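See structure below.
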Amino acid sequence: MKLFEALRVAFRGLTANKMRSLLTMLGVILGVGSVITLVSIGEGVKSSISKQIQGLGSNLVLVTPGTGTAGTNASTLVGSVSKLTYDDALAVERHSPSVRNVAPLIESSATAQYKDRKTTLLSGTTESYSEVRNIPVAFGDFFSLGDIRGYRAVAVLGDTVRKDLFPGVNPLGKTIRVNNKDFKIIGVMKRKGRTLTIDNDNRVFIPITVAEELLGTKQVNMMFIQSRSPDVVGDAVADSKRILRERHKKTDFAVSEQKDILSAFQGIMGVLTGMLGGIAGVSLLVGGIGIMNIMLVTVTERTREIGIRKAVGAKRRDILAQFLLESVFVSALGGLIGIAAGFAGARLLKEAVPRLPTVITPWSIAVAFLFALLVGLFFGIYPARKAARLDPIEALRYE
Amino acid sequence: MVIKITDMYKNYGRGSSAVTALRKVNLEISPGEIIAIMGPSGSGKSTLMNIIGCLDRPTKGIYRFKGKNVNSLNDNQLAELRNKHIGFVFQNFNLLSRATALTNVELPMIYAGTPARKRRTIAMELLEVVGLQDRINHKPSELSGGQKQRVAVARALVNHPAVLLADEPTGNLDSKTGAEIMKLFDTLNGIGVTVILVTHDREVANYARRVVYIRDGEIVSDTRTSKESGEGKIPDQMPAGPKYPPSF
Ligand SMILES: Nc1ncnc2c1ncn2[C@@H]1O[C@H](COP(=O)(O)OP(=O)(O)OP(=O)(O)O)[C@@H](O)[C@H]1O
Ligand SMILES: [Mg+2]
């Protein structure tokens, strides 16, 4: 029997019981749809954060307390286990010929008040921060080395703080109160946007020396090092390591380049995305069991039909093809509709949670669809074999 | 010989519930014969037909179809044999209930690999032969018993079988429709098709030129008769006792 005939016979078998075929298909539709949607979340988060890490610039080096790649070890979340200080930053800047600037950062949550109050991130840093991080000042000025050395109470606002505390008012020259200390506003930073749920513009920058006094700590949360050019990043990393180790007498810090951070992050996201896809894949497997279940019922119901077909000359492989094609057809059609459902799911998610980026990748579509086909094939084999092996005379006698 | 059965046995089940449906059956059928198999209910007629039709296998003994030893064929070879050489009209029609008359008749040709267009033409022709040209798109549930029987006959003929088997072909039919079917068989036999039919009906058996009588799985008589003198030759009551030959 030709493939086309087998397809036609299989198709007739499916349309004979449309509701049942549809419900069976639903398992595959949901499975494929959820694989695509969940993977699109993982991929979306990955690509949006990757872009931001790349935005750091290829000549940027990050130093964090503790060991491990920056941003991936618990110590940066829980708090420092070692002490990096402003003096460390100055030493690196002074002693490495490959380093152009070092911007240490002391961060702490704080309340800023003008008329209204606002919880914000107080960031004590140096004059080079704006250049190192490549965030220009929108208007006014960033503070200077003189401000740092002179312990001057000046502040530069992030765009969100400006918007919330000074709506329609020029903040320059105004006084803002942060943790019971008055600061004169000398500048406002350009808008930087969000990373997922984190607002990068909800910050108040002050000279690092003032922050040390205000927060009562010399401990720096991280240091941004800018090498003289992208070519000497490696030297800058090596120098920083050497200088800091000499000063600390041990390696209680981690130095990472932008590309290390990127690959570490992408590694983690890859695992996460894989897990999301895997979880959704289980639902596809359940859909496959649904197919097998229905196919077994179908084979039993149609025992007489199988007997008749065999009696007039159907071979084993004809019957096998008929039932296998039925289950593969269910999974293929379910897979196609599932792809559409996945697109819709990712779209809806984006609409419902605008901060959650979703990116549909071709590989997730291909993998989900192929997996659905395989599931249909795999779970279809047993019922189809059962049908193909029926004895014609016994099948004809079946009541 | 188109069919040669030697010392054939068929057992069903095993142990205490074992049934010997056929015992020591010897039967030779030449091409072009028209033969009736008769016997009481449960005597093994259908069992014999299923084996002749290559649907079932004997427990013991040799069955040769057109000189080929059927015992040595596998399932797929048997399927091909059924498809190409044997037409089977079942007692209970055995039509696909969800398919139309036309599709049912086309079915053996699908498995023979006949192209769709040719299939359609042949199926239409045969449905016309059995007088169902205006019922081709009806499903079995929309057909009368006699019409279903005729669809089954048309289906049995599409691949031009050498042997046509019919198990109680008129069992569900009134005498008039039954006679029509028998005339069709007679015509087919006239063009050289070997026809084997099982029947309880003496009138039907009268169409045959040879009557094989089975009792308790054994052939107890095998009588040839000429068409001219056939009418009324088969007695209404078959004699009792296994060894007693029927008188004509
Ligand atoms: N699948 C089976 N399993 C067990 N025994 C069977 C089976 N099929 C038939 N038999 C037995 O074999 C014997 C012959 O059955 P068969 O169907 O050949 O009889 P038959 O001559 O066709 O009868 P009828 O005229 O009533 O159709 C019967 O005793 C029956 O009970
Ligand atoms: Mg019978």
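The numbers here are math on the coordinates, done by the rules we state, and not lab data. If you're wondering where the values come from, they're calculated on a predicted model, not measured in any experiment. Positions of Cβ are generated from backbone atoms using ideal geometry, with glycine treated the same way; all protein chains shown enter the neighbour counts.
Quick rundown of the values:
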read-out	value
Computed Rg/Rh of segment A:84-251, alpha carbon atoms with Kirkwood Rh	0.99
Where Rh is the Kirkwood radius over Cα pairs, Rg/Rh for segment B:1-95	0.95
Farthest toward positive dipole pole in segment A:84-251 [+1 Lys/Arg, -1 Asp/Glu at C-beta], among A:Leu165, A:Ala138, A:Phe224	A:Leu165
Surface/4 estimate of mean projected area, convex hull on alpha-carbon atoms of chain B, nm²	14.0
Dipole axis of the protein assembly as shown (+1 Lys, Arg; -1 Asp, Glu on Cβ), positive-most option in A:Ala368, A:Asn180, B:Gly192	B:Gly192
With Cα atoms, 0 to 90° folded angle of helix A:233-248 axis to chain A main axis	60
Within a Gaussian network of chain A (alpha carbon springs, distance under 10 Å), most fluctuating of A:Ile225, A:Ile106, A:Ile198	A:Ile198
Residue-by-residue Karplus 3J(HN,Hα) for segment A:353-368, coefficients 6.51, -1.76, 1.60, Hz, glycine and proline x	10, x, 7, 8, x, 10, 10, 8, 9, x, 5, 5, 5, 4, 5, 4
Fewest-first sequence of A:Phe4, A:Phe253 by Cβ atoms within 10 Å of each Cβ	A:Phe4, A:Phe253
Cross-link partners of A:Lys83 among aspartates and glutamates (Cα-Cα below 18 Å; sequence separation of 8 or more within a chain)	A:Glu93, A:Glu107, A:Glu212, A:Glu213, A:Glu246, A:Asp252
Cα long-axis angle, helix B:75-85 against chain B (0 to 90 degrees, to the nearest 10)	70
Order of B:Thr59, A:Thr303, B:Thr199 - criterion: other Cβ atoms within 10 Å of each residue's Cβ, fewest first	B:Thr59, A:Thr303, B:Thr199
Debye, to nearest 20: dipole size of segment A:244-313, +1 on Lys, Arg Cβ, -1 on Asp, Glu Cβ	180
Inter-label distance for B:Val129 and A:Gln113, nm, one decimal - labels placed 7 Å from Cα along Cα-to-Cβ	10.5
Distance between modelled label sites at A:Lys181 and A:Ser144, nm, 7 Å Cα→Cβ extension	2.1
In nm, spacing of pseudo-spin labels at B:Ala18 and A:Phe378 (7 Å Cα→C-beta vector)	4.5
Rg(Cα)/(2.2 N^0.38 Å) for the protein assembly as shown, N = residue count	1.71
Karplus-derived 3J(HN,Hα), 6.51/-1.76/1.60, for each residue of segment B:27-36, Hz, glycine and proline x	8, 10, 10, 8, x, x, 7, 10, 9, 10
Rounded to the nearest 20 debye, dipole of chain A from Cβ charges on Lys, Arg, Asp, Glu	960
3J(HN,Hα) from dihedral phi, segment B:97-106, Karplus parametrisation 6.51/-1.76/1.60, rounded to Hz, x for glycine, proline	5, 8, 9, 6, 4, 4, 4, 4, 5, 6
Segment A:210-250, dipole about Cα centre (Lys/Arg Cβ +1, Asp/Glu Cβ -1), debye to the nearest 20	280
A:Leu348-A:Ser47 FRET efficiency (beta carbon distance; Förster radius 25 Å; 0.05 resolution)	0.85
Crossing angle, helix A:3-15 versus chain A [Cα axis fit, 0-90 degrees, rounded to tens]	80
